[in-house]
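Novice: Right, I'll just put the structure down here and ask away after.
The values are calculated or read from the model by the stated rules, or taken from the named source; none is laboratory data. Just so it is clear, the model here is predicted, and its values are computed rather than measured. Cβ placement follows ideal geometry from the backbone for every residue including glycine, while neighbour counts extend to all protein chains displayed. The protein model used for the area step is the full one, side chains on, heavy atoms only, and it has no ligands, DNA or RNA in it. Shrake-Rupley method; radii C 1.70, N 1.55, O 1.52, S 1.80 Å.
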Amino acid sequence: MIINRNWLEKYIDIPFSDTDLEEHLTYLGLETVMLKNPVAGLDKLIVGEIKQVEKHPEADKLTICQVFDGTEIKQIICGADNVAVGQKVPVALPGCELPGGFKIKRSKIRGVESLGMICAEDEIGLSDNHEGIMVLQENTQPGITMENYINSTIGASFEVDLTPNRPDCNSHIGIARDVSALTDGELRIPEILLKESEERTEDHISVDILDEIGCPRYAARLVKGVKVGPSPKWLADTISSVGLRPINNIVDLSNFVLMETGQPLHTFDYNKVAGKKIIVRKAKANEKVTTLDSEVRTLTEDILLICDAEKPVAIAGIMGLENSEISKETSDVLIEGAYFDPATIRKGSKTLALQTDASYRFERGADPVNVLFAIDRIASLIQQVAGGIICKNRIDRYVREIEFPEVTVRFKRINKIIGYDFDKKWVVNKFQRLGCEILEKTDEEVTVKTPSWRPDLEREIDYIEEVVRIFGMEKIPEPKSLSIILNDEPNKKHMFIEKMRTDLCGFGLNENYNNTLVSQDMAKFELYDRPAIELANPLSRELAFLRTSLIPGLLNTAKLNFNRGNFDLKLFEIGNIQVREEKSQTKARETMNFAVLMTGNTEIINWSYRQREANLYYLKGLLEQIAEDYRIGELSFEKIENEIFSKLVRVTAKGQDLCLLGELHPLYLNKKQGIDKNIWILEGNVDLLFELFDPEIRYNSLPKYPATQRDVSIVVDRSLQIGDIEKVIREKAGKNLADFIFYDEYKGENIEKSKRSLTFNLVFQNNERTLLDSEIDKVMIKIHTALHKELNAELR
């Protein structure tokens with residue numbers, strides 16, 4: 001945004017030079033660069049006064065002008081049709097090189113000598129306006145340089161690069177407010193003088209808002225009997241100083257109030273509004289309109305429209321349409337002032353690839369309260385500049401009131417965060433200068449109501465940032481000692497997640513980070529029947545849903561690695577998933593999950609050992625090691641069926657579902673994923689794991705008494721699970737069973753094809769005495785009997 005110093009000084013006294021103003025605004029967080037005067041250093045570009053004008057004898061469109069340059073009269077040929085005696089004009093004398101490289105020479109034009117050139121605005125780089133010569137202020141002294149003239153009358157201009165959270169500074173008043181907070185100068189808000197007629201606005205126009213989300217507030221005023229024409233010089237010069245081209249007095253006043261207050265306004269030719277009615281609605285699919293730039297645009301259902309009783313007349317918050325624009329024939333002007341939803345305007349602007357000064361401000365959040373001031377301001381200015389009668393009252397439809405937070409700021413907290421003791425009165429004064437209403441003040445804290453133009457001030461820390469911003473970071477002395485602010489209590493869950501990351505990396509796994517936004521296919525992963533949340537305004541169809549599982553992302557990573565010749569993978573990811581609630585399209589349940597993917601060999605090739613391929617048991621062992629290290633208790637494994645898995649196991653801990661682990665079916669991998677490798681996956685719930693995690697490490701003394709080992713070798717059905725056998729053995733072995741190890745399986749000769757031989761090692765130990773062989777023999781008999789009776793197992 002471009003601002004002008006002379007314009008800014010209408011609202012606040014500035015005790016700085018141009019260079020210092022540039023520096024102070026930048027320190028306030030408003031990155032500012034002073035724009036170079038386009039005629040700086042051009043000593044031969046001066047102010048001249050036209051003393052005499054006569055027609056060129058050899059050319060109808062040329063005039064011979066006698067121009068006083070401050071010391072003498074010079075003859076200059078001019079082709080502009082607006083040249084007149086008495087005008088003060090910019091004159092380029094021979095030897096002057098204008099912006100763009102055009103050098104002025106003494107010459108003859110159609111046989112008549114010309115000693116220079118009378119310039120238009122575009123010829124000296126002030127604007128792109130070439131509609132006649134530039135006419136300067138009447139009281140300008142002939143002979144001074146144009147550089148001095150511009151500095152004294154137009155003033156320095158600055159370009160301010162605003163961050164998106166500061167929509168309040170998209171105006172001269174907004175920046176003046178920040179300068180007021182810096183200097184303690186009084187902010188001058190323009191006084192509005194309205195001379196209303198007895199005709200009421202509501203008798204001439206009505207407003208219906210059909211989309212209350214997109215348009216919470218819409219206000220209107222009517223000015224009748226105006227005369228549309230060129231803007232007066234003060235108005236044209238003012239908006240030109242910030243890079244805007246004068247069009248006509250009504251349009252120029254809209255731009256003036258926009259740059260003054262930051263409130264975008266739109267003016268309609270009232271007599272082109274059918275049915276004398278304004279309707280705010282969403283566009284229909286493929287509805288076509290012609291905007292003010294003469295472009296035909298096809299709309300979508302997400303775009304907000306301003307319509308009359310028959311047709312659209314503007315794209316809300318973005319651009320008006322040709323069918324209702326102000327023209328020379330306009331006599332009655334309908335003024336629109338509104339607050340539009342930022343997200344709605346942003347989406348419409350991106351859909352149409354059309355950004356304007358209005359959309360730029362609405363996207364960032366305009367001031368919903370400022371609407372009424374702005375339409376009253378432009379109505380009074382129209383009456384002053386273009387004449388006309390202001391109809392009594394204004395229409396104001398405020399259908400969805402915008403609330404502004406009340407925030408309590410603690411003085412001690414300010415000092416602690418910034419590391420400097422601020423005077424309490426100074427802090428309160430600065431909040432008031434920024435426009436905050438002081439609701440309550442004590443020695444400990446102050447409670448303020450956030451002003452309507454500051455949507456970025458929501459929390460205490462935001463106000464603390466304002467304190468240091470206004471005071472100046474560069475003024476805060478370096479601390480004599482380092483002050484470290486610690487949280488009252490560490491985030492235990494965060495520490496647990498970091499421990500998980502460290503442990504999984506320690507197991508030789510590589511961490512993976514995937515996008516939480518996925519395609520529809522990835523969101524509807526076949527392992528789960530989880531409804532997904534769809535984004536209202538996705539960047540692309542590939543990023544249109546929130547993920548419901550971590551596995552599809554890991555599969556994509558695996559494919560990328562396969563394409564680059566890397567076939568041995570041990571990957572993990574820890575991240576959030578979101579599952580839509582059944583009866584809602586927008587509400588979601590978020591949980592943190594962990595997932596592991598393995599394929600290929602588990603170790604790198606080495607001369608000292610043979611490589612081993614990843615398998616279900618490797619993954620199971622990793623999970624059991626985690627359970628042991630995190631002291632979550634015994635795990636239970638249950639085989640379940642799923643069409644995309646050749647093997648799938650549900651794992652529970654203390655009766656709660658902890659995770660699923662299994663081998664993806666080759667047919668699924670080939671047809672759905674385009675993968676021809678074996679892949680094993682695990683996905684579980686971090687939130688549950690954290691809940692079960694026992695952070696206390698307990699130490700036991702070494703056993704004083706020896707342990708005794710016994711083996712159990714049995715033949716069982718191949719369908720029988722190891723977990724079922726372990727359960728029976730543990731129940732019958734009693735409290736003296738210190739360890740249970742499954743260490744051998746045999747399938748082959750001398751055993752039926754439907755059977756397999758399993759061998760287990762049992763370790764018995766008592767911490768108070770040495771166990772007798774006779775005691776252990778009795779226990780082993782119980783175990784053998786139970787295995788035969790309950791599982792139909794035969795001893796080998």
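Novice: So what's the range 367-419 giving for Rg/Rh, alpha carbon basis, Kirkwood Rh from the mean inverse pair distance?
Specialist: Across the range 367-419, the Cα-based Rg/Rh ratio is 1.33.
Novice: Taking a cut-off of 18 Å between Cα atoms, list the lysines near Lys282, but don't count ones fewer than 8 places away on the same chain.
Specialist: Partners found: Lys311, Lys347, Lys350.
Novice: Cα atoms only: what Rg and Dmax, in Å, come out for the range 687-730?
Specialist: Spelled out, the Cα radius of gyration and Dmax of the range 687-730 are 17.7, 41 Å.
Novice: Hand me the chymotrypsin sites (Phe, Trp or Tyr not before Pro) from the range 568-661 located in a DSSP loop with no more than 16 other Cβ atoms within 10 Å, in residue order please.
Specialist: Qualifying residues, ordered by number: Trp607.
Novice: Moving on. Evaluate 2.2 N^0.38 Å with N set to the residue count of the range 230-342, then give the Cα radius of gyration divided by it.
Specialist: Against the compact-globule rule of thumb, the ratio is 1.10.
Novice: Something else about it: List the lysines whose Cα sits under 18 Å from the Cα of Lys677, skipping any in the same chain fewer than 8 residues away.
Specialist: Counting by Cα, and skipping residues close in sequence, Lys677 has these lysines nearby: Lys559, Lys570, Lys647.
Novice: If I take the Cα coordinates of the range 131-252 and project them onto the principal axes, what are the three extents in Å, biggest first?
Specialist: Taking max minus min along each principal axis of the Cα atoms, the range 131-252 gives 59, 40, 27 Å.
Novice: Work out, step by step, the length gained on full extension between Asn576 and Phe16: first 0.36 nm times the residue separation, then minus their alpha carbon distance; give nm to one decimal.
Specialist: 196.4 nm is the gain from fully extending Asn576 to Phe16.
Novice: Across the range 1-159, what fraction of all alpha-carbon pairs, as a whole percent, falls in each successive 10 Å bin from zero upward?
Specialist: 10, 36, 29, 15, 7, 2, 0
Novice: In whole percent, and with a 1.4 Å probe on the protein chains, what portion of the accessible area of the range 489-628 is carbon and sulfur?
Specialist: Carbon-and-sulfur percentage of accessible area, whole number: 49.
Novice: When Lys and Arg each count +1 and Asp and Glu each count -1, what net charge do the other residues less than 10 Å away from Ala595, Cβ to Cβ, add up to?
Specialist: -2
Novice: Of the heavy-atom accessible surface of the range 272-419 (probe 1.4 angstrom), what whole percent is carbon and sulfur?
Specialist: 44 percent
Novice: How far is helix 551-563 tilted, in degrees, relative to the longest principal axis of the Cα atoms in the chain, given as a value from 0 to 90 rounded to the nearest 10?
Specialist: Tilt of helix 551-563: around 90 degrees.
Novice: Something else about it: Would you mind calculating the relative contact order of the chain from Cα pairs under 8 angstrom and at least 6 residues apart, reporting the percent as a whole number?
Specialist: 8 percent
Novice: What fraction, in whole percent, of alpha-carbon pairs in the range 647-796 exceed 28 Å separation?
Specialist: Counting every Cα pair in the range 647-796, those more than 28 Å apart make up 44 percent.
Novice: Mind pulling the angle between the C-alpha long axis of helix 424-433 and the longest principal axis of the chain? Nearest 10 degrees, somewhere in 0 to 90.
Specialist: 60 degrees
Novice: I would also like to ask the following. Using DSSP to call loops (not H, G, I, E or B), can you name the trypsin sites (Lys or Arg not before Pro) in the range 196-274 whose Cβ has at most 13 other Cβ atoms within 10 angstrom?
Specialist: Hits after loop and neighbour filter: Lys227.
Novice: Under the rule a/c < 1.5 gives rounded, and otherwise a/b versus b/c splits prolate from oblate, where does the range 520-669 land using the Cα gyration tensor?
Specialist: Oblate shape, in that a/c is at least 1.5 and b/c is the bigger or equal ratio.
Novice: Let me ask something else. Test of the criteria: in the range 39-123, which trypsin sites (Lys or Arg not before Pro) are in a DSSP loop and have at most 12 other Cβ atoms within 10 angstrom of their Cβ?
Specialist: Lys105, Arg106, Arg110
Novice: Counting pairwise Cα distances across the range 160-211, what percent come out greater than 13 angstrom?
Specialist: When every Cα pair of the range 160-211 is considered, 74 percent fall beyond 13 Å.
Novice: As a check on your grasp of the helix formula, calculate [θ] at 222 nm for the chain: sum -39500 (n - 2.57) over DSSP H runs of n ≥ 4, divide by the residue count, round to the nearest 500.
Specialist: -7500 deg cm²/dmol
Novice: Treating the beta-carbon of each Lys and Arg as +1 and of each Asp and Glu as -1, no other charges, what is the dipole magnitude of the range 692-762 about its Cα centre, to the nearest 20 debye?
Specialist: The dipole of the range 692-762 has a size of about 180 debye.
Novice: Figure the gain on full extension for Ser608 and Leu35 (residue separation times 0.36 nm, minus the Cα-Cα span) and round it to one decimal in nm.
Specialist: 199.1 nm
Novice: How far, in nm, would the chain grow between Ala84 and Leu771 when pulled straight, counting 0.36 nm per residue and subtracting the alpha carbon separation?
Specialist: Roughly 234.9 nm would be gained on extension.
Novice: Compute the angle between helix 722-733 and the longest alpha-carbon principal axis of the chain, please, reported from 0 to 90 degrees and rounded to the nearest 10.
Specialist: With both axes taken from Cα atoms, the answer is about 50 degrees.
Novice: If you project the alpha carbons of the chain onto their three principal axes, what span does each projection cover, largest first, in Å?
Specialist: Computed over the chain, the largest-to-smallest principal extents equal 134, 64, 63 Å.
Novice: While we're on this one: Each residue of the range 217-228 in order: what ³J(HN,Hα) in whole Hz does its phi give by Karplus 6.51 cos²θ - 1.76 cosθ + 1.60, θ = phi - 60°, with x for Gly and Pro?
Specialist: Once θ is set to phi - 60°, the couplings for the range 217-228 become 9, 9, 10, 8, 9, 10, 10, 10, x, 7, 10, 7 Hz.
Novice: For the range 110-174, what is the convex hull (Cα atoms) projected area averaged across all directions, in square nanometres?
Specialist: The directionally averaged projection comes out at 7.3 nm².
Novice: With every protein chain present, what is the per residue accessible area of the chain (1.4 Å probe, Å²)?
Specialist: Accessible area per residue, the chain: 52 Å².
Novice: Here is a further query. So who's got an amide H within less than 5 Å of the one on Ile109, skipping anything under 5 residues away but keeping other chains? H placed 1.01 Å off N, in plane.
Specialist: Ser114
Novice: Please report the Cα spread of the range 306-397 along all three principal axes, rounded to whole Å, starting with the longest.
Specialist: So the extents along the principal axes, rounded to whole Å, are 39, 29, 24.
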